[in-house]
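**Student:** Let me begin by handing over the structure; questions about it come next.
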Amino acid sequence: MCGIIGIVGARGGEVAPRLLDALRRLEYRGYDSAGIATLRDGRIERRRAEGKLGNLETLLERDPIRGTTGIGHTRWATHGAPIESNAHPIATDKVAVVHNGIIENFAELRAELTARGRKFTTDTDTESVAQLLTQYLDEGLSPQQAMARAMPRLHGAFALAILFAGHSDLMVGARRGTPLAVGYGEGEMYLASDALAMASLTQRVAYPEDGEWVELTHAGCTARDEQGGLVRREPVTVQLSGATAGKGNYAHFMLKEIYEQPSVIGDALRALVNPTTLSIALPALPVDFARIDRLTISACGTAFYAGLVASYWFERLARLPVACEIASEFRYREPPLPARGAALFVSQSGETADTMAALRYARAQGQTILSVVNVPGSSIARASDAVLPTVAGPEIGVASTKAFTTQLTVLACLAIAAGRARGVLDAAAERALVAALMELPARAAQVLAHDERIRDLARGEIAQARDVLYLGRGTGYAIALEGALKLKEISYIHAEGYAAGEMKHGPIALIDEGVPIIVIAPSDQLFEKTASNMQEAIARRGKVIFLSDAPGIAKLGGKAFFTIELPEVDATVAPILYAIPVQLLAYHTAVAKGNDVDQPRNLAKSVTVE
């Protein structure tokens, strides 16, 4: 969600242009206002603007801001409307604060500080931090003493970067439950919510732990725990591109990332497959699948649908009982977990707040923790016993595409390995499944050849619809859910995914000639049942858009309104392939409607608050 960047002691000139460049790298997170604050001759200066960074850039061209130490922010509104007065940095005459997260006890703090004579000027929860620190400074405390006293009083999940008037060589950062990274430069230091923001600045990064706060000067970093004790956080080298991610010749990042899928699926396979023996070659894992009684998979959004597909795979290929849980429900339901259990968490960013909270619960219940993430140094990765990276590279579009298919690829490899470990799959079955996986990059490229036809369908039928239904069985049901989510996310059309067998239990009442029905139906053992449900929709004048392979399309006998023929592949790997046309359909529909495809309204790439 919100993005944070801070630079202390910028060498060779003004800090504002570098802050603005770093904020551009954070645009993918989603935001509705932006701002920068610097220290000039010991005084706090600010520039803030509603809307996109271009508005802030125009303001800075008209009214430049000076200084060699500063903080910047892209805000995704929680408390207070997305207007300039609520944009970050939030400041008093002594403190400027940028904040990612939610201060849960802000109302209590606000009431207390108002009673003590402090004047609040915004509707944000963040202002309670700025006013609290200012109160302590007015009482004679140093910035460090004020921060030490404030930390125990702040409840909730947050990452903070703070400037203090009169202290041009000081920045304070803090985190609890929300990510924050410290960057090490030559004669300057950095603070960011995402290491990607610092890609052009440094590759030496340290990660404060939960509840810690840091003091940055141009010479280095001092880290303290919540009790004020000194702690040591050594920087590590991270591999990040120094160039701002570009769209190349593509109109949008989302389309570029859809087209990268043949390549990144191949990269994921190269990391986990021995092509000579056609076997899975996982790194050493701290779990013996032959000895566990249940696997709990937890995730949010698109990652949850990847976990749902994987639950079918683990149960069928490894005969391993699986509970697939939405993280925001799992953490509060507090289910009992078996003594011989493992928990698997899936996240593109590795920072999803609900998924991280579910991980902590599973850890407290004695589960071995595995994670599938796209950011190896993320909070979820660091909290796991073992990590399987998706190696998809940075995904800028808010609606996940290549991260989803690489998550599926990694999870398929893990399920096959579990099947071998549990004696369900023999070597021949493993070779057959791995061979099917190895075909996927080429088959994904074939699917992309349908792009133009899918674009015409989106423009002609889907973009005009008020409601769209997606149907599937087995792993196709999870892809139906994902397809509906994609369409909702970026086209703003109401869409629902259903298990095809549930049609007669309610959704069939929605069908008429104005409702497109996208059916995911590879010609597998469930095809005939799905085809029967499709016939019921056709009989009620529903516009069936049929995604299947050549045998499946032949069986339907031309009764569908529109067909998209996909390559014939092993049923196990079909969901990875069938994800691509539903992504393209959502993309082209959003473009046809003139929407902001890469940064859809109200959404953020990394959901770091509940």
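The values are calculated or read from the model by the stated rules, or taken from the named source; none is laboratory data. Everything quoted here is computed from the prediction, not taken from an experiment. Quick reminder, even Gly has a Cβ in these numbers, built from the backbone with ideal geometry, and neighbours come from all protein chains shown. Areas reflect the complete protein model, heavy atoms only, side chains present, ligands, DNA and RNA absent. Shrake-Rupley method; radii C 1.70, N 1.55, O 1.52, S 1.80 Å.
**Student:** Among ILE90, GLY101, LEU141, whose Cα projects farthest towards the positive end of the dipole of the stretch 74-156, with charges put on the beta-carbon of Lys, Arg (+1) and Asp, Glu (-1)?
**Tutor:** LEU141
**Student:** Give the separation of the Cα centroids, the stretch 395-414 to the stretch 329-377, in Å.
**Tutor:** 18
**Student:** Let me ask you something else. Excluding GLU502 itself, calculate the net charge of residues whose Cβ lies under 15 Å from the Cβ of GLU502, where each Lys or Arg counts +1 and each Asp or Glu counts -1.
**Tutor:** Here the charged neighbours net out to +1.
**Student:** When the label point is put 7 Å from the Cα of ARG333 along its Cα-to-beta-carbon vector, which residues of the stretch 282-319 have a backbone N closer than 20 Å?
**Tutor:** What the label zone holds, given the 20 Å backbone N cut-off, is 293-316.
**Student:** A further question follows. Return the sequence-ordered ³J(HN,Hα) values of the stretch 85-95 in whole Hz as given by the Karplus equation 6.51 cos²θ - 1.76 cosθ + 1.60 applied to θ = phi - 60°, using x for Gly and Pro.
**Tutor:** Those phi angles translate into 5, 9, 5, 8, x, 8, 9, 10, 6, 10, 9 Hz.
**Student:** Keeping all protein chains in place, calculate the accessible area per residue for the chain (probe 1.4 angstrom), answer in Å².
**Tutor:** Solvent-accessible surface per residue comes out at 37 Å².
**Student:** How far apart, in nanometres, would the label points at VAL236 and LEU603 be if each is projected 7 angstrom from Cα along the Cα-to-Cβ direction?
**Tutor:** The answer from the label model is 3.0 nm.
**Student:** Add +1 for every Lys or Arg and -1 for every Asp or Glu among the other residues with Cβ under 14 Å from the Cβ of PHE345, and state the total.
**Tutor:** 0
**Student:** While we're on this one: Computing the accessible area with a 1.4 Å probe over protein heavy atoms, can you report the carbon and sulfur percentage for the stretch 273-402?
**Tutor:** C and S fraction of accessible area: 53 percent.
**Student:** Also, quick follow-up: Taking the Cα of ALA432, stepping 7 Å toward and past its beta carbon, and measuring to each backbone N in the stretch 519-559: which are under 16 Å?
**Tutor:** Output list for this probe position: 524-526.
**Student:** How would you order 120-130, 522-532 from highest to lowest mean count of nearby Cβ atoms within 10 Å?
**Tutor:** 120-130, 522-532
**Student:** Report the Stokes-Einstein translational diffusion coefficient (µm² s⁻¹, integer) for the stretch 1-111, Rh taken as the Kirkwood radius over Cα pairs, at 10 °C with viscosity 1.306 mPa s.
**Tutor:** Reported coefficient: 113 µm²/s.
**Student:** Please work out whether the stretch 343-469 counts as rounded, prolate or oblate from its C-alpha gyration tensor, where a ≥ b ≥ c are the square roots of the eigenvalues and a/c under 1.5 means rounded, while otherwise a/b larger than b/c means prolate and anything else oblate?
**Tutor:** In terms of gyration-tensor shape, oblate.
**Student:** Could you please state how large a percent of the accessible area of the stretch 472-568 is carbon and sulfur, counting protein chains only and using a 1.4 Å probe?
**Tutor:** C and S atoms contribute 51 percent here.
**Student:** Let me know the charge dipole size of the chain about its Cα centre in debye, to the nearest 20, where only the beta-carbon of Lys, Arg (+1) and Asp, Glu (-1) is charged. Intermediate values should be presented prior to the final figure.
**Tutor:** On the way: 62 positive and 68 negative charges, 39 e Å.
Rounded to the nearest 20 debye, it is 180 debye.
**Student:** Sticking with this structure for a sec: Classify the stretch 60-145 from the C-alpha gyration tensor, please: rounded if a/c falls under 1.5, else prolate or oblate depending on whether a/b exceeds b/c.
**Tutor:** Note, shape of the stretch 60-145 comes out oblate.
**Student:** Now for a separate question. In nanometres, what is the gap between the two model label sites at ASP385 and ALA364, each 7 Å from Cα along Cα-to-Cβ?
**Tutor:** Here the modelled spin labels are 1.9 nm apart.
**Student:** Show me, for the stretch 423-434, the HN-Hα J-couplings you get by feeding each phi into the Karplus relation (A = 6.51, B = -1.76, C = 1.60, θ = phi - 60°), rounded to Hz, glycine and proline as x.
**Tutor:** Taking θ as phi minus 60°, the curve returns x, 7, 9, 8, 4, 5, 5, 4, 4, 5, 5, 5 Hz for the stretch 423-434.
**Student:** Here is a follow-up. In whole Hz, what ³J(HN,Hα) sequence does the stretch 410-416 give by Karplus (6.51, -1.76, 1.60; θ = phi - 60°), x for Gly and Pro?
**Tutor:** 5, 5, 4, 4, 5, 5, 5
**Student:** For VAL424 and GLN446, compute 0.36 nm times the residue count separating them, minus their Cα-Cα distance, and round to one decimal in nm.
**Tutor:** Extra length available between VAL424 and GLN446 comes to 4.7 nm.
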